[in-house]
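Accompanying notes for the structure given below.
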Amino acid sequence: MITKCLFPVAGYGTRFLPATKSMPKEMLPVVNKPLVQYGVEEAIEAGMTTCAMVTGRGKRTITDHFDISYELEHQISGSGKEAYLASIRDVLDKGVFTTVRQREMKGLGHAVLTGRPLIGNEPFGVLLSDDLCINNGPGVLAQMAELYRQFRCSIVAIQEVPEDETHKYGVIRGESLKSGIYRVDEMVEKPDPADAPSNLAIIGRYILTPDIFDILQDTSPGANGEIQITDALQTQAAQGCVMAYKFKGRRFDCGSVPGFVEATNFVYENYYLQD
Ligand code: UTP
C-alpha cells in the first residue's frame, strides 16, 4: 500500500507571469478550486493520505490552504456559505500535510530529492499539480497504485502526443507488455521530433521506488543545468524496472495558458454547471 505522495510545488511558473509573480502557479483556480487541491484529492482517493509538499519562497499560501482559516470559518459558521468549504474540509479530514523547502530551484529531480526526509524508505507517488487529470472512474494515481501492486517497479504515466510536441516532454521507448503497459528501455528528455524514440510522453504522475533517491544523489545536472528526474529514471530503466502506463482519463496541461483555459471550460461545463 502506497501511503505518501510528493507534491513538487516550488517552481517559478514563469509561463504564467505576471499572475505568478507573487502567487504560486499551483494556487491558480480551475473554476473555484486551486490546481493543487485537485491533485491532493486525486492522491487521497488513491490511498496516499500523506501529502508531502516540496515548497519554496513565496509558496506559503499553499500550506495555508491546507489548514483551517479560523477567522473566515468563524465568520461564516452556521450560514449557507459553509457549504463552499465542504471539499477542502473533506481533504483536511482525510489528509496529513508535511512540508520541506527547496531553497534553490534546481529542477524536478532536485525537488524530489529534497522531499526525501518526508518520504523515507518506501515507494511513493509524485504528482505535478499543473497536470490536471480527470477521469470518470478511478483517478490516474489510483490506477497506477493498482499497477504497482502487480509490478513493484517505478511507473510513469504516459500519453500519446502529436509528433511535433515531443520537445516539451520526456519521451519513452519501450516494449509493450499488454494493452497500455510498457516496460521502458529508454527515456529522452525533450527530444526534437526527429530524435524522439516514440510519441509516448511522460506526464506529471509517477510512482517511484525509494532507490531513486540514491540515484538522484549521483545524478549530475542535465538540460538547463537542472537535475532531471528522467535521467534518474533512466538508471532504473537500465535495470529493467520502470513501467510506463497509458492512463485512462483526460489530462490538461495547466502549466500553459491554452491548457489552463481548456481545463477551465471543461470543468465548468461538465462539473460546475451540473452541481
Ligand atoms: P515546470 O517544468 O512546470 O516548471 O515544473 P515551473 O517552474 O513550475 O513552470 P515554468 O516552466 O517556469 O512556467 C513542473 C513541476 O515541478 C515543480 C513545479 O512547481 C511544477 O509543479 N518544480 C520544478 C519544483 O518544485 N522545483 C523545481 O526546481 C522545478
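We did not get these values from a lab; they are worked out from the coordinates using the rules stated. Just so we're clear, the structure is a prediction, and the values are computed from it rather than from any experiment. Glycine also receives a Cβ, built like all others from the backbone with ideal geometry; neighbour counts cover every protein chain displayed.
In debye, nearest 20: dipole of the range 122-267 around its Cα centre with unit charges on the Cβ of K, R (+) and D, E (-)?
Details: 12 positive and 21 negative charges, 146 e Å.
That gives a dipole near 700 debye.
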Check your understanding: What ranking do 79-90, 102-113, 32-43 get when scored by the average of other Cβ atoms within 10 Å per residue, highest first?
Key -> 32-43, 102-113, 79-90
Review point. What is the Cα centroid distance between the range 59-135 and the range 159-195, reported in whole angstrom?
Key: 30 Å
**Study point:** Per-residue ³J(HN,Hα) for the range 13-27, Karplus 6.51 cos²θ - 1.76 cosθ + 1.60, θ = phi - 60°, Hz, x for Gly and Pro
**Key:** x, 5, 5, 10, 5, x, 4, 9, 5, 10, 10, x, 3, 5, 9
Exercise for review: Under a cut-off of 23 Å between alpha-carbon atoms, report the lysines in cross-link reach of Lys25, not counting same-chain residues fewer than 8 places apart.
Suggested key: Lys4, Lys33, Lys59, Lys106, Lys168, Lys190
Exercise for review: Give, in nm to one decimal, the length gained when the segment between Arg89 and Glu73 is fully stretched (0.36 nm per residue of separation minus the Cα-Cα distance).
Suggested key: 4.7 nm
Revision key, fill the gap. Distance in nm between Lys178 and Lys81 label points, each 7 Å along Cα→Cβ, equals 5.2 nm
Practice item. Evaluate E = 1/(1 + (r/R0)^6) for Asp185 and Ser256, where r is the Cβ-Cβ distance and R0 equals 25 Å; express this FRET efficiency to the nearest 0.05. Key: 0.30
Practice item. Enumerate the residues in the range 123-148 having an amide nitrogen under 11 Å from the point lying 7 Å beyond the Cα of Arg60 toward its Cβ. Key: none
